[in-house]
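*Asks:* Take a look at this one; I'll ask things after.
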Amino acid sequence: MSRENPKVAATLREPAELVARGLAPAAQLAVLEKVAERYAVAVTPDVAALIEPGNPADPIARQFVPAAEELVGTPFEQTDPIGDDAHSPVAGIVHRYPDRVLFKLVHVCAVYCRFCFRREMVGPGKASALSPAAYRDGLDYIRAHPEVWEVILTGGDPLMLSPRRLAEIMADLAAIDHVKIIRLHTRVPVADPGRVNDEMVAALKVEGAATWVALHANHAREFTSGARAACARIVNAGIPMVSQSVLLRGVNDDASTLEALMRAFVECRIKPYYLHHGDLAPGTSHLRTTLAEGQQLMRALRGRVSGLCQPEYVLDIPGGYGKAPVGPAYLQPEGSVSGANSFVMQGEPPPESRYRVVDYCGDVHTYPSEP
Ligand code: SF4
């Protein structure tokens, strides 16, 4: 049975509209209005159609429908959890790693994710796009830094720009000799697939630089026929796609759901790239897992799907120190692995010159540390 509801005509932006559609509990309207005063709300018709009415535990609802828990902070949460500001030399640019910059062109998105790490910066109440002067300053900064090989257009969502404007920006960036890669991070192909029309796809292609598109999706149900067709339009145009997902409690924190999500990406010719540990964004603790849970899920995933379906589990280190891979370790010096199922000897290198390596079933084997 399809879970899709009849489509609403327009994006839902008010808690009262969500209540009227049965997508949020009427008894919580007052508190949800408080949440919406602080954090933007938008549920597109395509996403609203996926939410099971009357079920706040629905994994799509948990991603997009505001919840009372968002008003509850924890001591470790921060308004700028991944430290963008610490690496922002000019407005809109984040230069954290030597060879790449983020270029944040817009502050609006098709949908507002309840766990967003930039939730204090995105939404209709913020400046909707960089001013023309700030945009020129951003371009000048990139031009003046020949080490910048890759420019990442991120959010807000760059596919909220008109195709005409996006094409101009792509051309401006590709005209800079040292910029070889332009990567766009977007939720639009799943949140509003009709927006990815031929004009938009044409805008993504540019002479002089390779375009990559990173799709953010967190549950296999987001891959509707419309979303799959939008991704196919991008890939068929010769633009490679990678994935990014966030590990979220009650959304995708079990092995079979993660497996289905990664298979959906690969079926759409999108290489799984990142599985982010939930950032310490304000009011998001109800959606975060522990790192130990994430590592356990990654171990389970390795036993279920091929390398093609394996994302890298990463943590953005608070303070702006960048991403660290935080998946489970499979290779350890002898004596340091615990909790494995069994120990299988393969040859007899002495204990001081061997590793222990864990297979996809959790069984442990030895391997010599010498060549
Ligand atoms: S689409 Fe991205 S930037 Fe926009 S709310 Fe979701 S996570 Fe945040």
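*Asks:* Limited to the stretch 177-208, what total is found for residues that are assigned to a loop (DSSP other than H, G, I, E, B), more than 20 Å from the chain's Cα centre (by Cα) and either of a type in the set (Ser, Thr, Tyr) or crowded, with 19+ Cβ neighbours inside 10 Å (or both)?
*Replies:* 2
*Asks:* Right, another one. Picking from Arg96, Arg114, which residue would you name as being buried (at least 18 other Cβ atoms within 10 Å of the Cβ), in contact (Cβ under 8 Å) with a residue 24 or more places away in the chain, of a type in the set (Lys, Arg) and more than 16 Å from the ligand (Cβ to nearest atom)?
*Replies:* Arg96
*Asks:* For residues in the stretch 151-167 being closer than 15 Å to Ala214 by Cβ and within 12 Å of the ligand (Cβ to nearest atom), which is surrounded by the fewest Cβ atoms within 10 Å (Cβ to Cβ)?
*Replies:* Across the stretch 151-167, the extreme among qualifying residues is Thr154.
*Asks:* Moving on. Does Ala144 fit the bill of being open to solvent by 20 Å² or more (accessible area, probe 1.4 Å), in contact (Cβ under 8 Å) with a residue 24 or more places away in the chain and farther than 26 Å from Asp279 by Cα?
*Replies:* no
*Asks:* I'm told Gly123 meets every condition in (1) more than 9 Å from the ligand (Cβ to nearest atom); (2) crowded, with 18+ Cβ neighbours inside 10 Å except one. Can you identify the failing condition by its number?
*Replies:* Condition not satisfied by Gly123: (1).
*Asks:* Val151 fails exactly one of the following numbered conditions: (1) under 30 Å from Glu37 (Cα atoms); (2) in a strand (DSSP E or B). What is the number of that condition?
*Replies:* (1)
*Asks:* Can you tell me which of (1) touching a helix residue (DSSP H, G or I) at 6+ places or on another chain (Cβ under 9 Å); (2) over 15 Å from Ala110 (Cβ atoms); (3) of a type in the set (A, V, I, L, M) is the one Ala57 doesn't meet?
*Replies:* (1)
*Asks:* Within the stretch 279-301, how many residues turn out to be surrounded by fewer than 23 Cβ atoms within 10 Å (Cβ to Cβ) and either within 12 Å of Ala217 (Cα to Cα) or within 16 Å of the ligand (Cβ to nearest atom) (or both)?
*Replies:* 5
*Asks:* Output the residues belonging to the stretch 14-70 that are assigned to a helix (DSSP H, G or I), touching a Lys or Arg at 6+ places or on another chain (Cβ under 7 Å) and of a type in the set (A, V, I, L, M).
*Replies:* Answer for the stretch 14-70, where residues must be assigned to a helix (DSSP H, G or I), touching a Lys or Arg at 6+ places or on another chain (Cβ under 7 Å) and of a type in the set (A, V, I, L, M): Ala48, Ile60.
*Asks:* Name every residue in the stretch 211-243 that is without any contact (Cβ under 8 Å) to a residue 60 or more places away in the chain, open to solvent by 20 Å² or more (accessible area, probe 1.4 Å) and polar (S, T, N, Q), in order of residue number.
*Replies:* Correct list: Ser225, Asn236.
The values are calculated or read from the model by the stated rules, or taken from the named source; none is laboratory data. Being a predicted model, the structure only gives us computed values, none of them experimental. Virtual Cβ from ideal backbone geometry, glycine too; neighbours counted across all protein chains shown. Side chains are part of the model used for accessible areas, which takes the heavy atoms of the whole protein and leaves out ligands, DNA and RNA. Shrake-Rupley method; radii C 1.70, N 1.55, O 1.52, S 1.80 Å.
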